[in-house]
Amino acid sequence: MTFTQITTTCPYCSTGCSLNLMVENGKVIGTAPYYRSPVNEGRLCQKGTYCHQFISNPDRLKKPLLRKGDIFYETDWDAALDFIAKKLSSYKPDELALLTSARCSNEDNYLAMKFARGVLKTRHIDHCARLCHSATMVGLFLAFGCNAMTNSIPDISESDCILCLGSNTLEQHPLVGRQIIKARSRGAHVITADPRFTPTAVQSDLFIQFYSGSDVLLLNSIMGEIIRNNWHDESFITERTSHFEAVKKVVLQRRYNPEIAGDLCGVSPDLIRKTAEWIGKADKCTILYAMGITQQTTGIDNVKSIANLMMLTGNIGRPGTGVNALRGQNNVQGACDVGCLPNLFPGYKPVTDGTAHRKLSKLWGFPDGICEPHEGYDINIMFEHLRSASPDIKAMYLIGENPVVSEPNPAIIIDGLKKLDFLVVQDIFFTETCQYADVVLPAACFAEKDGTQTNTERRVQRIRKAVDPPGESKSDYEIITALASKMGYGEQFKYTSVKDIFEEMCSVIPQYQGMTWDKIDKPGGVCWPCEELDQPGTPILYSEHFAHPDGKGVFYPVEWKEPSDLPDKNFPFRLTTGRLIWHMQSGTMTRRCKNLNDEVHEGYLEINPEDAKRLKIRNEDLITVSFRKGSLVCKARVIQDIKVGTAFIPLHFIERVTANLALNSSEPLPYISEYKVAAISIKKFQVE
Ligand code: SF4
């Protein structure tokens, strides 16, 4: 019998906890604590603890599959890749689109991006960050000149006042939540604003149970109160920021007085005043936010408003302060850093930047050049185009993406996939999207490959191979390399190890340029920016200046806008959505972990007892939930924790598919979908 432990990084949320995989006779049989990571210090949440269970699930894909009519049959790699190479070569660059995944490593994503732009020469590349934090990318970039979380995770415990807004941190990022508890035990004030009394609210000193969609209203009201009481940081505002007067004028309007705003938010004005006082008087205050802020039609405004509050109070650039955007998936940050976006090259260089385009072309050395220096389509535009009678996108390559379940409006996604002339899906399981594919390629999971991933605090850390992938499945970067070679670009994809890919990747991302494999190999990795070899990394951004050319942070005045789908007499409830501690996104992995699935295995709708009594609905009753554009049937969970007039559905189950029919809308810039506010009606299910 052989037994070993391999240290790696959790594949689920963006906290990026380190853990040991216990390997017995070539099989991962469990996880064990790894104490040397500053992120989680040996602790794991329930998801991390059971993350080994999906690795050897019998459903794992083991051989490439080719479609013949309605049937998939197994084939070998040579045949599958020959077929794909021939098909992809038959399209014009703009007829091709590629989606990568924040579940994959930096190296997988970097090579997928290079393959799209260098081999396929297409501009149309995107990934699932569109779904969660595209509002952060725009909002924080406008305010600070860079779109990442400003401080580090351990740093949160140094705060004197923590505002959790649009983040159920204790459930969604439990090991970030631990830092909140540490800060509170030191005497910090913790404030949670949420329509539900969540586990995060339980750990708070102040709970603001407001209506989803009223974030800007609440934030403007808090800022107005801070200014009226002279709690703002005038020297920080004067020396380090611009355009403050415009924000001051907006937040001091009468509509943002605590009485008026409190009434519209559904909270007492005293709660707003107390929040303003705690934030305004704190020496070190931080805001933690997640998809509760970004997955709204007003996502960018919400993010700008959060940035305004932290600049107003001088809470940027010091330990225990900052705007801490908690990303969703394990490697959302990394997939963005390496340029898996239709408008940005690695290191956030615009694709329209001629110098960046020339530099990349030269480094990669494709004899026939790379894609045109114009922005491509994001995933939403790709599928919008696929709705037309004669779509310009003809073929798609999906790596680790399951848009049939994860994207809004599944009907549009399915219709688009059916219209494609050719679809390749590369994944670890036969997902809902695979059934529309022409070829399905079996990929290795996190425990079966080497590489790096970048967590929410910009920390680049190692993932390490513990076991061989099942059957004939291969790591994503091996598949891409083999396919590039089949398509005549073997020379441009000549790597002897993952380390080679990592080094090339670092050379094109300015923020990664001072990183080496040895540095990353150490516990805790390195937080970017790390631009020089002798630099240890940068856990806290903007200590001296912001990332804008003039070094100043920019205030943006933001007026509150009502959500687009508000309750009325036919649809009297306000639906919001969120995540559970037991599951991750569409549940492809967590729903295949027995211990997690045993906890919660189906969706439900939470409703307040007062509302339930009026509707004669009891706990566990089957109910019909109707939206303006569809309906679903699920069980009711009658629970005091949800605000009267509000309802909640967890996002991990099939019920979300129909729910999304109602929730789609968009902001002009990042095109993020509305997941947080939809008007619904609820009634007891009756067989028609
Ligand atoms: Fe994994 Fe996130 Fe849990 Fe850490 S907090 S163990 S990264 S799911």
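When Val644, Val138 are arranged by Cβ crowding within 10 Å, least crowded first, meaning fewest neighbours, the order is Val644, Val138. Based on Cα contacts under 8 Å between residues 6+ apart, the chain shows a relative contact order of 20 percent. With neighbour counts taken as other beta-carbon atoms within 10 Å, the residues Ile84, Ile153 rank, fewest first, as Ile84, Ile153. With both labels modelled 7 Å from their Cα along Cα-to-Cβ, the Gln5 to Asn230 distance reads 5.8 nm. Reported to the nearest whole Å, the Cα centre-to-centre distance from region 571-609 to region 23-92 is 23.
Legend: distances between Cα atoms for Lys27/Lys62; Lys349/Lys494; Lys114/Lys499; Lys643/Lys684; Lys121/Lys486; Lys121/Lys394; pairs beyond 18 Å are Lys349/Lys494; Lys643/Lys684. Summarising the label geometry, the points placed 7 Å from Cα in the beta-carbon direction at Asp415 and Leu566 lie 3.0 nm from one another. A DSSP coil position with no more than 11 other Cβ atoms inside 10 Å describes the following GluC sites (Glu not before Pro) in region 530-564: Glu532, Glu544. As a length-normalised measure over Cα pairs under 8 Å and 6 or more apart, the relative contact order of region 48-204 settles at 13 percent.
Straight Cα distances below 12 angstrom link Lys522 to none of the aspartates and glutamates, with same-chain residues fewer than 8 positions distant left out.
For the chain, the longest principal axis of the alpha carbon atoms and the long axis of helix 269-281 meet at an angle near 70°. Sites listed here are trypsin sites (Lys or Arg not before Pro) in region 115-192 whose DSSP assignment is loop and whose Cβ has at most 12 other Cβ atoms within 10 Å: Arg186.
Taking other C-beta atoms within 10 Å as the exposure proxy, Glu610, Glu225, Glu504 rank Glu610, Glu504, Glu225 from fewest upward. Excluding same-chain neighbours fewer than eight residues apart, the aspartates and glutamates reachable from Lys449 by a Cα-Cα span under 12 Å are Glu107, Asp108, Asp468, Asp476, Glu478. Enumerate the aspartates and glutamates that Lys304 could reach by cross-link, defined here as Cα to Cα under 17 Å, with residues fewer than 8 away along the same chain left out. Excluding near neighbours in sequence, the set is Asp215, Glu245, Glu559, Glu562, Glu667.
All of the numbers you see were taken from the coordinates with simple rules; none came from a lab. Not measured: the values here are computed from a predicted model. Counting neighbours? That spans all protein chains shown, and the Cβs are built from the backbone with ideal geometry, glycine included.
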